[in-house]
Amino acid sequence: MKFSDPATARTINRLRVLNLLRNEGAMSRADISRSLALNKPSTSEIVAALIAEGLAEEGGKVQTTSGRRPTAVSLKYDSLFVLGVELGSFTTSFLLSDLKGTILRYERLPTPVQPDAKEWGEKVIKSCMKFASTTTLAGIVVATAATLSDDRKIIVQHENWGWQEIPLAQAIEVHTKVPTILVHNVEAMVSAERAFAKEESETFLYINWAHHINAAWVNGTTVSSHNSRFGHLPITSTGLCQCGGIGCLETVAAGWVLKEKGDGLSAKQLAGLNGSNPLLTEACKAMGTALIWAASITGAKKIILGGGVANIGEEYLKIIREAFAQHAHHELVSTPIVHSALKEQSSNLGSIAVALDHWVFQSSVLQALQEYEKPLPETE
């Protein structure tokens, strides 16, 4: 990366060193210099600044084949903490994390079926205040399925609860004195997949298959989620959806409909019954059909299934793949369809991943800069 402004270059190189230490662990100054193609004085200056900030520390020696072993530099994982909040359909979770993404404290509250914005917002604020009173937080991120304002402070419209124009992040920030932003829950899950599962695909479709179904289309640093209505693709000619439509994907495959049709059993409980469950089989075939539509429109190179319903076992993933392969265009048949590597942790870790990126590592900024510097394709 080349920058004409020295201050900008120092800022970017500081982030590069931070992310290198995050990904590689303890390294010597010389190894950092070689890995990032930085000169030694610049490397030493950045490392000294990170140590002064308390973000890095010296300790131990780096193993070498010969000569004096250099001192190792590593991140000081307990120097900063972030709070992730997930406003889910069944539970509202609060997770305190260090710089490594290690969950140090976890609390959750049962989410009402249709929570009142004022009442539930006050409970969320009080829980955040409790965490902020005992820990110095770099920032708070609240993840939920909603359309958000451009500054990520206001829930413009919640997809499932009817909330409109709720300044939740603003209120949390006022009461905790901690910087706070909102993020769409599927965007957060994508961040977790990249940060903690090391997902390297640049172009993929991420499906959050849970009580409700939503999705994100990922193309480089662009993650499109809040306008997705993937769960409301028309799949059948019957079935009343909670959105008021007829035949949506959710009427066959969402967690809420599986529970209604399955005598109150969750998708996991249905999967645990002897033999293949016909409700889950039908749901998987419908999901496979919906994925054909989505892959045909987006050209996704990979499809990742996250969320609670997605984790019902390999036999059901096989049904999805077979339904997809049976009807997809021949150019799409080889598109890999996989479970999230994070399994059930994808939703919980999402808000943490966004918080660490936003207030500490800014890896998404570095990725955007790399994309910007890519040479344009040659034209004939």
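Every number in this text was worked out from the coordinates using simple rules, so none of it is lab data. What you see is a predicted model; the values in this text were computed from it and never measured. Note that each Cβ is placed from the backbone with ideal geometry, even for glycine, and that neighbours are counted across all protein chains shown.
Miscellaneous remarks
- At R0 = 30 Å, FRET efficiency that the Cβ-Cβ distance of Glu282 and Ala341 yields, to 0.05: 0.65
- For segment 257-375, the tally of Lys pairs with Cα-Cα distances below 27 Å comes to 22, considering only residues 8 or more apart or on different chains.
- Per-residue HN-Hα couplings for segment 244-252 [Karplus 6.51, -1.76, 1.60; θ = phi - 60°; Hz; x = Gly/Pro]: x, x, 10, x, 5, 3, 4, 6, 10
- Between segment 226-254 and segment 106-177, the Cα center-to-center distance that results, in Å: 27 Å
- Legend: calculated FRET efficiency, Ser74 to Thr135, from the Cβ-Cβ distance at R0 = 22 Å, rounded to 0.05, equals 0.50.
- Look at the alpha carbon pairs under 8 Å that are at least 6 residues apart: their mean separation over the length of the chain gives a relative contact order of 15 percent.
- The sum of -39500 (n - 2.57) across all DSSP H runs of n ≥ 4, divided by the residue count of the chain, sets its helix-only mean residue ellipticity at 222 nm to -12500 deg cm²/dmol.
- Residues whose amide H lies under 5 Å from that of Gly88, counting only those 5 or more places away or on a different chain, are Ser93; hydrogens are built 1.01 Å from N in the peptide plane.
- Shape category assigned to segment 232-300 from the gyration tensor of Cα positions, a/c cut at 1.5: oblate
- Fully extending the segment from Ala48 to Glu122, taken as 0.36 nm per residue of separation minus the present Cα-Cα distance, adds 22.4 nm.
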